[in-house]
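Throughout, read-outs are computed from the coordinates displayed, never taken from laboratory work. In this text, all values refer to a predicted model and were calculated from it rather than measured experimentally. Cβ atoms come from the backbone with ideal geometry, glycine included; neighbour counts cover every protein chain shown.
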Number of protein chains: 2
Amino acid sequence: MAQSYELFYWPGIQGRGEFVRLALEEAGEDYADVARGPGGIDAMMAALKEGRTPAFAPPFLRADGMTIGQTAAILMFLGERHGLAPQDPAGRLWTHQLQLTIADLVGEAHDTHHPLGASLYYEDQQDEARRRAAEFTAARIPKFLHYFGHVLGEQAFLAGPELTYADLSLFQVLEGLAYAFPKALARALAEHPNLAAFRQRIATRPRIAAYLTSPRRLPFNEQGIFRRYPELDA
Amino acid sequence: MAQSYELFYWPGIQGRGEFVRLALEEAGEDYADVARGPGGIDAMMAALKEGRTPAFAPPFLRADGMTIGQTAAILMFLGERHGLAPQDPAGRLWTHQLQLTIADLVGEAHDTHHPLGASLYYEDQQDEARRRAAEFTAARIPKFLHYFGHVLGEQAFLAGPELTYADLSLFQVLEGLAYAFPKALARALAEHPNLAAFRQRIATRPRIAAYLTSPRRLPFNEQGIFRRYPELDA
C-alpha cells in the first residue's frame, strides 16, 4: 500500500521540513521523505510545478491528492487530523498563533548567518552576520524565550495539558538554538527553568525519543537553519 | 454600543496592521484602531501583557473576549467569519498557504532596509541594505510575482472566482512594492499583466476604493515596511 503522506523537502538538512517530520513521528504516521530517496530531488522539483495548489518552496506535503505548502499550514492540517491541536476553534487558533511566532523566531535564526540574503555564501557575509547575530543573542532570543516561558507557565504544554504541534516546533527550536547558540541559549534557559523542563518532557516522549535516535533524524549541520558558528554565539 | 473589533497596531505606519484593516474594511465592519486614539499606545502596551493568549507583538485583534495575534491568524479568523475565505476546508487551507507566502514576501521586503536587524537605523546599515536589496529586486520580486501570476492565471482572484483575504493582502504588497521599488515592480508586472489587472480589480472595489481615499488609510512612509529609498530600487 502507498504511504499516506509524501513529504517533500531538501535532503541533507533538518530545515523547515523537520517541523513536519516531528508532527508525523509523534502521530505515529508512516510517510515517504521523497527527496531523500533515489531521484528524489528531481521528483520534488517536478512536484513543485504541478497541480492547482502549487507550493512556493519546500517543504510541502501530499496527502489525499492535496498539495499543502508552508510549514505552518501543513502543521495546522496534520494537527487537526491527528489530535495534535485542540478541538475547539479558539484553541486551534491560539495554537496556530503560537506556531507563527515560532516561525518568526526560526526566520530570525536563519538570518543571523545570511543577513544579506541567500544568494551569497556565509563566508561572504561573515562580518554582517556577526553584527546581526549580536542583536539576536542579546535581545531576540531572550525576548522570544521570555514570551514562551510566560505562555507555558506551570502548564505541561504551551496550549494547556495536551500536546500540540506548536510544542513539537518549540522543542525543535530549542534543540536548534542549543546547537547553534549554546551560550546564548544557556543564559536564556537559566531564566526560564520551565522551558528547560519542557524540552526534556518532549525529548523523552516515546515516539520522539525513538525518532531522535533513528536514522530518519538528520544531524544538525552547517547547511541548515541552525548552524554552529562559534563566532556568532556571543 | 461598543465596536465589535479592537485592532491594536503601531500608529503612524501601515505596517502589518494594514493587512487586517483591509479585511475589516472589505467586510464593512466597524472597528476601533486603538493605538491611534488618545492614550492608545499605553493601552496597546498594557493589552500586550494581558490575558491567557497574549500576542508576541502588534498587530493583534480583540473580538468577543478573544485576543488574536499574528497577522495571518487574524486574517484566518476574520476570513471565516466574514466570507473572505472559501467554505470548504481545502480551500481555506489553500488561502492560508497563499497568505503565508505573502507574509514571507513582506518579511523580505522589510529586511531590504534592515538586513542587520531592527535595533540599528537604516542610515547605519545603508551599504548592507543596498546589497540585500539588489538580490530582492533582481531575484526575489520576480520569483514571487511569477508564482502569484501563475496561481492567478485567468481567474479573477487567487483562490478562484471569489475574493479572499489573501487577495487583499497581495494587493497591499503590490501597492507597497509600487511605493518602495517602482522600477523593479514595473519590470515584474510587465511580465505578468494579469497581476496588473488584478491590482486594479481590487483597488476599484467600492469599499476598498472608499477606504483608500479616507483618512483611515495612512500614507506609506519611511517608518513602515515599504520605504521609498531610491538607492535600493535598482
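Things to note:
- Relative to the 2.2 N^0.38 Å rule of thumb, the range B:170-217 has a C-alpha radius of gyration ratio of 1.20.
- Residue-wise HN-Hα coupling along the range A:40-47, computed from phi with Karplus coefficients 6.51, -1.76, 1.60 (Hz; x: Gly, Pro): x, 5, 4, 4, 5, 5, 5, 5
- Calculated mean residue ellipticity at 222 nm for chain A: -16000 deg cm²/dmol, from DSSP H runs with n ≥ 4 weighted as -39500 (n - 2.57), summed, divided by the residue count and rounded to 500.
- Dividing the convex hull volume of the alpha-carbon atoms in the range B:89-217 by its residue count gives 128 Å³ per residue.
- Per the Cα gyration tensor, chain A maps to an equivalent ellipsoid with semi-axes of 27, 24, 16 Å, ordered largest to smallest.
- Alpha-carbon centroid distance for the pair the range B:84-108 / the range A:74-123, whole angstrom: 14
- Rg over Rh [alpha-carbon atoms, Kirkwood Rh] for the range B:19-74: 0.95
- Its convex hull of Cα atoms gives the protein assembly as shown a direction-averaged projected area, equal to a quarter of the hull surface, of 21.8 nm².
- If R0 is 51 Å, the Cβ-Cβ spacing of residue A:191 and residue A:57 corresponds to a FRET efficiency of close to 0.90.
- In a simple Cβ point-charge model (Lys, Arg +1; Asp, Glu -1; nothing else charged), the range B:25-158 has a dipole of about 280 debye relative to its Cα centre.
- Sequentially through the range B:134-143, phi angles give Karplus couplings (6.51, -1.76, 1.60; θ = phi - 60°) of 4, 5, 4, 6, 7, 10, 7, 4, x, 5 Hz, Gly and Pro residues having no value and appearing as x.
- Residues B:124, A:233 in ascending order of nearby Cβ atoms (within 10 Å, fewest first): B:124, A:233.
- Taking only the C-alpha atoms of the range B:1-100, the Rg (one decimal) and the largest Cα-Cα distance, Dmax (whole number), read 13.5, 43 Å.
- Order of B:150, A:192, A:113 - criterion: other Cβ atoms within 10 Å of each residue's Cβ, fewest first: B:150, A:192, A:113
- Vicinal HN-Hα couplings computed from phi for the range B:146-156 (Karplus, 6.51 cos²θ - 1.76 cosθ + 1.60; Hz; Gly/Pro x): 4, 4, 5, x, 5, 5, 5, x, 9, 6, 6
- Between residue A:60 and A:8, the built amide H atoms are under 5 Å apart, and every one of these is 5 or more places off in sequence or on another chain.
- GNM flexibility winner over chain A from A:12, A:65, A:153 (Cα, springs under 10 Å): A:65
- Fewest neighbouring Cβ atoms within 10 Å first, the residues A:140, B:132, B:199 line up as B:199, A:140, B:132.
- In a simple Cβ point-charge model (Lys, Arg +1; Asp, Glu -1; nothing else charged), the protein assembly as shown has a dipole of about 20 debye relative to its Cα centre.
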